[in-house]
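K.L.:
Before I ask anything, let me first share the structure, which is written out below as structure tokens.
The values are calculated or read from the model by the stated rules, or taken from the named source; none is laboratory data. The model shown is predicted, which means the values in this text are computed figures rather than measured ones. Neighbour counts are summed over all protein chains in view; Cβ atoms, including those assigned to glycine, are modelled from backbone coordinates with ideal geometry. Note: areas computed on protein heavy atoms with side chains; ligands, DNA, RNA excluded. Shrake-Rupley method; radii C 1.70, N 1.55, O 1.52, S 1.80 Å.
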Amino acid sequence: MSLLSVEKLSVNFPLRRGAFTAVDSVSFDLAAGETLGIVGESGSGKSVCVSSLMGLVPSPPANISGRAVFKGASLLDAPGETLRRIRGKEISMIFQDPMTSLNPYHRVVDQIAEPLRIHEGLTRKQARLRAVEAMASVGIPDAESRSRAWPHEFSGGMRQRVMIAMAMITRPALLIADEPTTALDVTVQRQILDLIKTLQREHGTAVLFISHDLAVVADVCEHLAVMRRGVMVEQGRSAEILRAPAHPYTRGLLSCHPALHEPGEPLRVMPELLDPPASEAP
Ligand SMILES: Nc1ncnc2c1ncn2[C@@H]1O[C@H](COP(=O)(O)OP(=O)(O)OP(=O)(O)O)[C@@H](O)[C@H]1O
Ligand SMILES: [Mg+2]
């Protein structure tokens, strides 16, 4: 049975010059413990797609249609209270920019502990103990003493570890990671990807992983979906798509990726650059 089942999800924004469809009839299924990567260039609708599932796209003004069922509960028409309960307990999210996701005025330990206080009703002391354990489990050295630090005392990579500790502390069934490593340098990016993979395996967490980088997504996720201009143009097992991409756009993404293109073949220009959206065409 699916943990998350999304059927014909569409999101459009009314603009002065007509409605803009950011997500166009997207359907996918995610089983418990499964990893699905959504890849696509900037503006293809990846973030709007997952944010709308979490009730984070205000509607109105957006028009959101379709169905999304998580553990048997309908997400799109759920009352705010239900969504808040699911968010942060059953479904956690981590975002691109670890520099702005932490509150500068609260000690790191209290921010990691907060979901436990909200969702599990633990006392401050109990929650802090669990938070220090969580910091150690995401590879933060000297977790005990560092836990009392402030966010500005952490590097970008360490902050992203803090965000991951916070996201995993309630043992969510689903982790949504929206470009979690884009703001980090390559070595730190590698460490964070490895950490996400390890936690996913250890806890059997399902992961919805978003990136514009096909190689990153294929590394973390067993399944892959390719988005272009709001449409999911291709989905399947990552290995299969890398071996034999069915859609010309996926082939384009592969052929212009330095790490993935066939050796000996020339690197190509992004097909998108050669084929502007109709609205931008002269
Ligand atoms: N509130 C909004 N009102 C109008 N248009 C919006 C709104 N939010 C997003 N969009 C548009 O929807 C499209 C999809 O945006 P989205 O943020 O989902 O892209 P993305 O695939 O996540 O890109 P990136 O890789 O840059 O994060 C973009 O063209 C964006 O400008
Ligand atoms: Mg995005």
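K.L.:
Filtering the stretch 37-65 down to residues that are assigned to a strand (DSSP E or B) and more than 16 Å from ligand 2 (Cβ to nearest atom), which residue is surrounded by the most Cβ atoms within 10 Å (Cβ to Cβ)?
P.N.:
Of all residues in the stretch 37-65, those assigned to a strand (DSSP E or B) come to 37-39, 63-65.
Still in the running and more than 16 Å from ligand 2 (Cβ to nearest atom): 63-65.
On the way: 63: 13, 64: 20, 65: 14.
Top of the filtered list is 64.
K.L.:
Out of the residues in the stretch 12-26 that are touching a residue at least 60 places away in the same chain (Cβ under 8 Å) and surrounded by 15 or more Cβ atoms within 10 Å (Cβ to Cβ), state the one that is nearest to ligand 1 (Cβ to nearest atom).
P.N.:
22
K.L.:
In the stretch 199-210, which residues are part of a helix (DSSP H, G or I) and open to solvent by less than 50 Å² (accessible area, probe 1.4 Å)? If you could, list the steps in order and put the result at the bottom.
P.N.:
Residues of the stretch 199-210 part of a helix (DSSP H, G or I): 199-203.
Result: 199, 200.
K.L.:
Hey, another quick one. Filter the stretch 218-241 for residues that are open to solvent by less than 60 Å² (accessible area, probe 1.4 Å), outside any loop (DSSP other than H, G, I, E, B) and either within 16 Å of ligand 1 (Cβ to nearest atom) or aliphatic (A, V, I, L, M) (or both) and give the result.
P.N.:
Residues satisfying the conditions are 218, 220, 224, 225, 226, 227, 228, 231, 232, 233, 234, 241.
K.L.:
Report the residue count in the stretch 67-109 for those that are more than 29 Å from residue 154 (Cα to Cα), in contact with a helix residue (DSSP H, G or I) (Cβ under 9 Å, 6 or more places away or on another chain) and not basic (Lys, Arg).
P.N.:
6
K.L.:
Take residue 102 and tell me if it is among the aliphatic types (A, V, I, L, M), buried (at least 19 other Cβ atoms within 10 Å of the Cβ) and in a loop (DSSP other than H, G, I, E, B). Spell out the reasoning first.
P.N.:
Values: among the aliphatic types (A, V, I, L, M): yes; buried (at least 19 other Cβ atoms within 10 Å of the Cβ): yes; in a loop (DSSP other than H, G, I, E, B): yes.
Criteria met by residue 102.
K.L.:
Which residues, counting only those in the stretch 1-11, are open to solvent by 50 Å² or more (accessible area, probe 1.4 Å) and aliphatic (A, V, I, L, M)?
P.N.:
Going through the stretch 1-11, the residues open to solvent by 50 Å² or more (accessible area, probe 1.4 Å) turn out to be 1, 7-8.
The one that is open to solvent by 50 Å² or more (accessible area, probe 1.4 Å) and aliphatic (A, V, I, L, M): 1.
K.L.:
Starting from the stretch 35-50, keep only residues that are of a type in the set (Lys, Arg), then list their pairs with residues that are open to solvent by 10 Å² or more (accessible area, probe 1.4 Å) and more than 6 Å from ligand 1 (Cβ to nearest atom) whose Cβ atoms are within a distance under 8 Å, requiring at least 6 positions of separation or different chains.
P.N.:
46/178
K.L.:
Of the numbered conditions (1) open to solvent by 20 Å² or more (accessible area, probe 1.4 Å); (2) in a helix (DSSP H, G or I); (3) in contact with a helix residue (DSSP H, G or I) (Cβ under 8 Å, 6 or more places away or on another chain); (4) modelled with pLDDT of 90 or more, residue 191 satisfies every one except a single condition; which is it?
P.N.:
Condition not satisfied by residue 191: (4).
K.L.:
I've got another one for you. Out of the stretch 168-183, which residues are more than 16 Å from ligand 2 (Cβ to nearest atom) and either open to solvent by 10 Å² or more (accessible area, probe 1.4 Å) or assigned to a loop (DSSP other than H, G, I, E, B) (or both)?
P.N.:
In the first step, residues of the stretch 168-183 are kept if they are more than 16 Å from ligand 2 (Cβ to nearest atom); the result is 168-175.
If the condition is that a residue be more than 16 Å from ligand 2 (Cβ to nearest atom) and either open to solvent by 10 Å² or more (accessible area, probe 1.4 Å) or assigned to a loop (DSSP other than H, G, I, E, B) (or both), then 168, 169, 170, 171, 172, 173 are the ones that fit.
K.L.:
Taking into account only those residues within the stretch 52-70 that are touching a residue at least 40 places away in the same chain (Cβ under 8 Å) and under 14 Å from the mean Cα position of the chain (by Cα), which is nearest to ligand 1 (Cβ to nearest atom)?
P.N.:
52
K.L.:
Something else now. Residues of the stretch 217-246 being over 13 Å from residue 44 (Cβ atoms), of a type outside the set (Gly, Ala, Ser) and free of Cβ contacts under 8 Å to residues at least 60 places away in the same chain, which ones?
P.N.:
Result: 219, 237, 240, 241, 242, 243, 245.
K.L.:
Ok, one more. Which condition number does residue 68 fail, the rest of (1) small (Gly, Ala, Ser); (2) in a loop (DSSP other than H, G, I, E, B); (3) away from ligand 2 (no atom under 16 Å from the Cβ); (4) open to solvent by less than 20 Å² (accessible area, probe 1.4 Å) being met?
P.N.:
So the condition that residue 68 fails would be (2).
K.L.:
Within the bounds of the stretch 83-98, is there any residue that is open to solvent by less than 70 Å² (accessible area, probe 1.4 Å), polar (S, T, N, Q) and more than 17 Å from residue 180 (Cα to Cα)?
P.N.:
The answer is no; no qualifying residue exists.
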